[in-house]
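Reading through the C-alpha cells given below for one structure.
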C-alpha cells in the first residue's frame with residue numbers, strides 16, 4: 001500500500017513551544033480529491049490542496065490559513081484587528097493512517113500530527 005492520504009475526515013493535533021512552555025491545539029480537516037478544508041476550535045479556517053509525490057513517498061500540502069481578528073496561534077502569532085491570512089506549505093510521510101510534519105508559521109516551528117478518522121459521507 002502506498003503512503004497516499006485517503007479521502008476522509010482527519011483529526012489534527014498541533015504542538016509548539018511558546019516562551020519555553022509547551023502549547024497544544026486541535027482541529028479537523030476533510031480531504032477529498034486533492035482538496036483540503038479544515039478548522040480549529042478558535043476559529044481559524046484553512047483550505048488548499050494536497051498531492052502525493054510517489055518518488056519521495058510524501059503527501060505535499062499547500063494551504064491558506066485564515067485567522068480571525070485578534071486570533072492567536074499556539075506559536076504566539078497574533079492576528080491584528082483585521083485578522084490575518086498565512087500561506088502554509090508542508091509534507092507528510094507515513095500515511096495513510098497517521099502522519100506528522102514540522103512547519104514554520106511566521107518563523108516559529110509547529111509540529112502537526114494527522115490521524116485518519118474515516119471516509120467522507122457518500
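Each reported figure results from applying straightforward, stated rules to the coordinates on display, with no laboratory input. Source: prediction; values computed, not measured. Quick reminder, even Gly has a Cβ in these numbers, built from the backbone with ideal geometry, and neighbours come from all protein chains shown.
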Everything considered on the Cα gyration tensor (a ≥ b ≥ c; rounded for a/c under 1.5, else prolate if a/b is larger than b/c, else oblate), the stretch 47-93 must be described as prolate
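Work out the P(r) tail for the stretch 13-66: percent of alpha carbon pairs separated by more than 16 Å, whole number. Before the final figure, lay out each step's value.
Values: 779 of 1431 pairs.
Tail of the P(r) past 16 Å holds 54 percent of the pairs.
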Quick note on 51, 24, ordering by fewest other C-beta atoms within 10 Å, gives 24, 51
Here, residue 11 and residue 51, labelled 7 Å along Cα→Cβ, have an inter-label distance in nm of 3.1 nm
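If I take every Cα pair under 8 Å that is 6 or more residues apart in the chain, average their sequence separation and divide by the length, what percent do I get for the relative contact order? Walk me through the numbers on the way to the answer.
On the way: 301 pairs, mean separation 33.7, N = 122.
For the chain, the relative contact order is 28 percent.
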Neighbour-count ranking for 89, 36 (other C-beta within 10 angstrom, fewest to most) reads 89, 36
Taking only Cα atoms of the stretch 8-115, the Rg to Rh ratio with Kirkwood Rh works out at 0.96
From the Cα centre of the stretch 1-37 to that of the stretch 86-115, the distance in Å is 7 Å
